[in-house]
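A short reminder: the numbers here are calculations on the coordinates, not readings from a lab. Source: prediction; values computed, not measured. Glycine gets a Cβ as well: all are built from the backbone with ideal geometry, and neighbour counts include every protein chain shown.
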Amino acid sequence: MALDFTFTEEQRMLEDNVYKWGMSWLEPQMEHAYEVDEMPKDIFRELAKLGVNGIVFEEKYGGTAMGYVETTLVYETISRISNALSMTVGASQTLAFDNFRRNASEKHKLQVLPKSCTGELIGCLGITEPNAGSDAMGMTTRAVKKGDRYIINGSKIFITNGPVADFMLFYAKTDPEKGPHGISSFWFYPKKTKGFSCEKIKKWGMRTSPTGLLTFEDMEIPEDQLVGGLNKGVAVLTGGLCTERITLTACSLGSQRSCLELSLKYAKERVQFGKPIASFQTIQNKLADMYCGYKASRWLCYSAAAYCDTLTDKRGGKGTDLDRMAAASLLFAGEMGTKIGLDAIQIHGGYGYCTEYGVTRHFLDQKLWEIGAGTSEIRRMIIARELMRDDFRSGL
Ligand SMILES: Cc1cc2nc3c(=O)[nH]c(=O)nc-3n(C[C@H](O)[C@H](O)[C@H](O)COP(=O)(O)OP(=O)(O)OC[C@H]3O[C@@H](n4cnc5c(N)ncnc54)[C@H](O)[C@@H]3O)c2cc1C
């Protein structure tokens, strides 16, 4: 049995490059950016210089043709500085563009993907609606065919990058009578399309990652911007959900790691009762628990990413082992991230309650990972469903 838990030299270099960039370019602006809730304007162009916008994209689309392990590593590294911006990058590059890459026509892929790699285009993905969250199939956004165009009416809520997106992939009902089998997927350029509007949503966490309430009012898009075939939207949606859940787990991982590192540093420096607080056993217990939680989260996440990289089609969805592994990865890390964030605040005492220490941002951002990309409750339902499959192999 070959079990080598080390990263390759190439992966380490990738991590180092992203971390150095993050500490020199991103970290100095984070406190202010978080306060005013503004995404650093050039972040995608900056990431383009590092060559990490299209990690899994083939070279003909401007990508670097690496795997989901590398994607996860890049998102984890960005989130050591900012969980929120790692989510913004993931929403664009994995949720929107990677899903598009898996399902769109070659002509459109060649038109769109290279611009996502240069940072010219920022993407977003629209599934959730005001009355259809966990029950995504209950969406009511409607696409009606008229000549060679589709007319779209409806709305999408909580859409990451909505307020800044140049590109959007979304789902709408094309045949409502057929329920989930009457959903199709479409793409368009929001900033250039009439009938589209977006309102920015105020949040207490994940600030700097712009979130929008999107409205489509008699919005017209060309018929060939249907992605993956008429009424085949669910296959598009579920096929990409696993890689989304795995790589987004990395946003929690980076914050967990920073919470541990910042808490260790603070506990060794902060003196009370004449001793560093790190010498008190109750503080040591917290640090030990944070370390175990982070390592366990990391293992669940990277083992799922590595397993995904071994699959030819890299698709998850109902009835696949990847479905269970991806849901477990985000479930565990999401809940652990909140706990680790709380422990980090506690170790920092009153200073942890103030904004100048980075732990506060990490803590505020972490809670989202019990909600976004399917809540903890829904992930448990998925894991249980897959465990009960007749061909479930407990060793995987
Ligand atoms: C910051 C942020 C960014 C997001 N980004 C995106 C994005 O880019 N694109 C996108 O499409 N969506 C996005 N979302 C939406 C996110 O995926 C949804 O919020 C999530 O799926 C939950 O839906 P909901 O908020 O409507 O909650 P609801 O579905 O209304 O759930 C409310 C509560 O009921 C529970 N519940 C619901 N059904 C069941 C059940 N059957 N059994 C047990 N409990 C249940 C839930 O677990 C939850 O605790 C984002 C959300 C946030 C907050």
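Would you please put 78-87, 128-137 in order of how densely packed they are, using the mean number of other Cβ atoms within 10 angstrom per residue and starting with the highest? Let's see the in-between values first.
On the way: 78-87: 28.5, 128-137: 15.5.
Going from most to least packed, we get 78-87, 128-137.
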Given all pairs of distinct Cα atoms, the stretch 124-227 yields a Kirkwood Rh in Å of 13.7 Å
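Which whole-number percent gives the relative contact order of the stretch 241-387, counting Cα pairs below 8 Å spaced six or more residues apart? Provide the component values of the computation, followed by the final result.
Values: 200 pairs, mean separation 49.1, N = 147.
Answer for the stretch 241-387 is 33 percent.
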Within the stretch 122-152, the residues whose backbone N lies under 15 Å from a label point placed 7 Å from the Cα of Glu220 along the Cα-to-Cβ direction are 144-152
If one builds a Gaussian network model of the chain from Cα atoms under 10 Å apart, the most fluctuating residue listed among Arg324, Arg385, Arg315 is Arg385
Note: Glu58 to Tyr351 extended length (0.36 nm per residue) minus current alpha-carbon separation gives 100.9 nm
Sorting Leu241, Ile345, Ile283 by the position of each Cα along the dipole of the stretch 241-387 (Lys, Arg +1; Asp, Glu -1; all at Cβ), the one nearest the positive end of that ordering is Ile283
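Given the C-alpha atoms of the chain, compute the convex hull and give its volume per residue in Å³.
Details: hull volume 56.7 nm³, N = 396.
In the chain, the Cα hull volume divided by residue count equals 143 Å³.
Estimate the FRET efficiency between Gln29 and Met137 by the formula 1/(1 + (r/R0)^6), using the beta-carbon distance for r and 45 Å for R0, to the nearest 0.05.
Details: r = 40 Å, r/R0 = 0.89.
Using R0 = 45 Å, I get an efficiency of 0.65.
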Residue separation between Glu177 and Ile371 times 0.36 nm, minus their alpha-carbon distance, gives in nm 66.9 nm
Taking Rh as the Kirkwood radius computed over alpha-carbon pairs of the stretch 200-249 and applying Stokes-Einstein at 25 °C with viscosity 0.890 mPa s, one gets a diffusion coefficient in µm² s⁻¹ of 172 µm²/s
Once both label points are put 7 Å beyond Cα along the C-beta direction, the Lys41-Leu264 separation in nm becomes 3.8 nm
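Looking at the calculated P(r) for the stretch 241-387, what percent of the C-alpha pair distances fall above 25 Å? Could the numbers behind the result be given before it?
Numbers: 3616 of 10731 pairs.
Value for the stretch 241-387 (Cα pairs over 25 Å): 34 percent.
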By the Kirkwood definition, with r running over pairs of different Cα atoms, the stretch 52-210 has a hydrodynamic radius in Å of 16.5 Å
Here the alpha-carbon Rg of the stretch 9-122 over 2.2 N^0.38 Å rounds to 1.04
With the 8 Å Cα cutoff and a minimum separation of six or more residues, the stretch 9-122 has a relative contact order in percent of 31 percent
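Once the piece of chain linking Val271 and Trp204 is laid out straight, how much longer is it, given 0.36 nm per residue of separation minus the C-alpha distance between them? Before the final figure, lay out the partial values.
Working: separation 67, 0.36 × 67 = 24.12 nm, distance 3.14 nm.
Gain on extension, Val271 to Trp204, equals 21.0 nm.
State which entries of Lys41/Lys107; Lys109/Lys194; Lys275/Lys295; Lys107/Lys232; Lys156/Lys178; Lys49/Lys173 exceed 31 angstrom in Cα-Cα distance in the structure shown.
Working: Lys41/Lys107 29 Å; Lys109/Lys194 23 Å; Lys275/Lys295 29 Å; Lys107/Lys232 19 Å; Lys156/Lys178 21 Å; Lys49/Lys173 39 Å.
With Cα atoms farther than 31 Å apart: Lys49/Lys173.
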